[in-house]
Amino acid sequence: MQTHTFKDWVLATRPWSFPASAMPVVVTIAWSWASGFDVNWWLGLWALVNIIFVHAAGNVWSDIADYRRGVDADDTFGVRLLVDGQFTVEEFRRLSLCLNCIAVIGGLALVALTGYTLLYIGIAGLLLSLCYPRLKYMALGDVVIILCYSLLPMIGTSFIVTGQIHWPVLWLSVPVGLITVAILHANNVRDIETDQRAGIHTFPMLTGRHVGAWLYAAEVLVPFLWLVGIMVARIEPWWLGTAFLAMPVAVKNARTMLSYERGGKASYANLDELTAKLQLLFSILLVIGLILSRIL
């Protein structure tokens with residue numbers, strides 16, 4: 001059996017994708033503080049670390065399913081650790097089990113410190129994570145992503161750091177969630193043919209690549225229109241306009257996707273990773289805007 005370094009194990013979890021789960025937590029903590037609530041910063045940090053473990057476990061679990069189903073093969077893009085034989089399925093299974101155990105233990109400890117409301121949110125998130133591969137193959141992956149990496153973590157984090165669920169935080173779940181869904185959407189638009197060969201169904205397969213490309217563009221650009229709406233309506237402060245500094249990156253990503261016919265599949269092969277970077281930038285700028293709204 002091949003030996004692996006710690007770095008190898010970390011890379012197996014696809015750490016480039018972690019902004020999708022981490023940023024909703026960070027934005028919620030910043031929103032809670034900017035809104036004047038008493039924030040438990042230590043529990044917030046705990047929640048951040050815990051959701052990354054959940055995400056990492058889900059990534060590894062999904063890669064096992066994709067490899068076995070033939071979604072990941074010699075001619076596909078993306079993670080190749082199983083395809084190239086760098087890891088065995090059994091090694092991935094043990095890694096996913098360990099990560100899930102850490103996440104469950106950490107989550108139960110948070111429940112003990114905060115309350116049973118968090119238990120129901122955590123169970124929903126864990127079940128969706130475990131069922132994600134099957135649901136993704138039924139063209140429901142986008143729904144799971146918006147729940148697991150937007151709605152549930154923002155509701156849960158609100159409860160963890162303040163002791164109550166503050167529903168208005170969900171105004172920010174729309175822009176954050178749309179960019180997160182765009183990460184998956186970029187992947188699925190790229191892989192339409194190979195996914196079809198594997199006998200699975202994804203949302204871009206139902207719409208076709210042309211419509212799928214335009215939907216991706218909407219997912220990365222509509223968040224800015226949404227921010228304008230909630231700022232004009234005075235639901236959120238004008239300081240959130242700091243997020244518009246990320247708009248050139250979003251436009252560039254949208255143009256890359258929309259030019260798929262001219263550039264070919266290779267031109268947007270890593271657009272999922274670039275979208276994760278956009279999520280990181282967009283959310284950090286949101287956090288900066290929330291901080292400024294509190295101190296200025």
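Among the numbered criteria (1) part of a helix (DSSP H, G or I); (2) without any contact (Cβ under 8 Å) to a residue 60 or more places away in the chain; (3) of a type in the set (D, E, K, R), which one does ASP72 miss? Among (1) part of a helix (DSSP H, G or I); (2) without any contact (Cβ under 8 Å) to a residue 60 or more places away in the chain; (3) of a type in the set (D, E, K, R), ASP72 violates only (1). In the stretch 248-296, of all residues being assigned to a loop (DSSP other than H, G, I, E, B) and polar (S, T, N, Q), the one that is farthest from the chain's Cα centre (by Cα) corresponds to SER259. Picking from residues in the stretch 255-271 that are within 14 Å of HIS210 (Cβ to Cβ) and without any contact (Cβ under 8 Å) to a residue 60 or more places away in the chain, the one that is surrounded by the most Cβ atoms within 10 Å (Cβ to Cβ) is LEU258. In the stretch 12-57, what residues are more than 21 Å from GLY125 (Cα to Cα) and assigned to a helix (DSSP H, G or I)? The answer is ALA12, ALA30, TRP31, SER32, TRP33, ALA34, TRP41, TRP42. Just one of the numbered conditions (1) under 24 Å from GLU273 (Cβ atoms); (2) in contact (Cβ under 8 Å) with a residue 40 or more places away in the chain is not true of THR88: (1).
For VAL211, the conditions (1) closer than 17 Å to GLU261 by Cα; (2) touching a helix residue (DSSP H, G or I) at 6+ places or on another chain (Cβ under 7 Å) all hold with the exception of (2). Residues in the stretch 168-197 that are without any contact (Cβ under 8 Å) to a residue 12 or more places away in the chain and not charged (D, E, K, R): GLN196 only. Checking each residue in the stretch 205-221 for being small (Gly, Ala, Ser) and at pLDDT 95 or above picks out ALA217, ALA218. Condition check for VAL71 on (1) surrounded by fewer than 23 Cβ atoms within 10 Å (Cβ to Cβ); (2) over 30 Å from LEU240 (Cα atoms): one failure, at (1).
Consider the stretch 219-237 and keep the residues that are out of contact with any Pro (no Cβ under 8 Å at 6 or more places or on another chain) and free of Cβ contacts under 8 Å to residues at least 40 places away in the same chain. The one that is surrounded by the most Cβ atoms within 10 Å (Cβ to Cβ) is LEU221.
The values are calculated or read from the model by the stated rules, or taken from the named source; none is laboratory data. Everything quoted here is computed from the prediction, not taken from an experiment. FYI the Cβ positions are ideal-geometry reconstructions off the backbone, even for glycines, and counts take in every protein chain you see.
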